[in-house]
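For reference, the structure is listed below as structure tokens.
The values are calculated or read from the model by the stated rules, or taken from the named source; none is laboratory data. Predicted model, so just to flag it, every value in this text is computed and none were measured. Neighbour counts run over all protein chains shown; Cβ positions are idealised from the backbone, glycine included. Surface accessibility is based on the protein's heavy atoms, side chains included, excluding ligands, DNA and RNA. Shrake-Rupley method; radii C 1.70, N 1.55, O 1.52, S 1.80 Å.
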Amino acid sequence: MTNTKPTATCRLKQDYMRLKRDPVPYITAEPLPSNILEWHYVIKGPEDSPYYGGYYHGTLLFTKEFPFKPPSIYMTTPNGRFKTNKRLCLSISDFHPDTWNPAWSVATILTGLLSFMLETTPTMGSCETTTYEKRRYAQQSLSFNMKNEVFQELFPEICEEITERLQQLEEQRKQQSATANGESAANASNGEVAGNTNDGAETADGGHFVPGRPGADDSNIWQSLCTNLVVLGGFVVFACIVHYVIKSINI
């Protein structure tokens with residue numbers, strides 16, 4: 001009697017063709033050319049998640065008994081949700097062969113992985129991080145993945161996207177640096193002008209105290225004093241004249 005059960009190789013080839021025909025949103029997957037039992041996937045962080053902007057590389061390791069036994073699932077890129085290079089305990093992984101359904105395909109596995117990644121439910125192989133840390137991992141994932149030769153070999157189109165994105169980020173950093181340097185120079189220049197024009201502090205009565213000119217206030221005081229003495233002398237002379245006139249009339 002001929003064994004009509006599909007082998008792992010046959011089934012995985014069928015799943016690959018289905019994936020090419022009907023891709024899973026946010027996910028790309030490719031088997032190793034030399035070993036169809038080892039698949040590599042890349043999850044592109046969805047827009048409404050803290051993973052947005054990140055690219056997350058991982059592997060699916062199938063056994064020869066697939067589809068009757070589930071694969072092992074690993075995440076390679078640091079992401080803040082799963083530990084790297086650790087088997088993930090999911091209902092679609094080899095941690096739970098009792099819940100595995102042979103009808104599930106590679107697309108089903110990847111869809112379930114993304115769904116669980118967007119949750120916060122703890123499991124073996126998961127980790128807890130803040131939203132800020134996840135966003136930081138998303139930014140760091142670009143350069144991290146580009147260091148992986150297998151990643152570059154299997155996902156050349158994604159590598160082009162990442163390279164373009166890294167160039168944009170570098171241009172933004174240069175522009176921000178130039179803007180910051182320009183603002184610093186402008187502030188320094190304004191500080192010099194302010195120092196030259198405002199070389200005196202305003203006093204309580206609205207005048208200005210001029211540092212480095214101690215004789216200026218003394219000179220003004222002496223001028224005021226002399227003016228007052230002249231006025232007072234004038235009154236004295238006038239009073240003497242009036243007194244003399246009155247005395248002459250009485251005589």
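The table for this structure:
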{"item": "Solvent exposure of the range 85-196 as accessible area per residue, Å², 1.4 Å probe", "result": "66 Å²"}
{"item": "Computed FRET value (nearest 0.05) for Leu229 with Asn190, which takes r as the C-beta separation and R₀ as 51 Å", "result": "0.60"}
{"item": "Inter-part distance where the range 87-150 and the range 11-52 are each reduced to a Cα centre, Å", "result": "13 Å"}
{"item": "Radius, Kirkwood style, for the range 8-155 when every pair of distinct Cα atoms is counted (Å)", "result": "15.5 Å"}
{"item": "Gain upon complete extension [Thr121, Asn101; 0.36 nm per residue less C-alpha separation]", "result": "5.0 nm"}
{"item": "Highest average packing first - 166-173, 146-153, Cβ atoms within 10 Å", "result": "146-153, 166-173"}
{"item": "Members of Lys20/Lys44; Lys64/Lys147; Lys13/Lys44; Lys13/Lys83; Lys20/Lys147 lying beyond 20 Å, as alpha-carbon distances in this model show", "result": "Lys64/Lys147; Lys13/Lys44; Lys13/Lys83; Lys20/Lys147"}
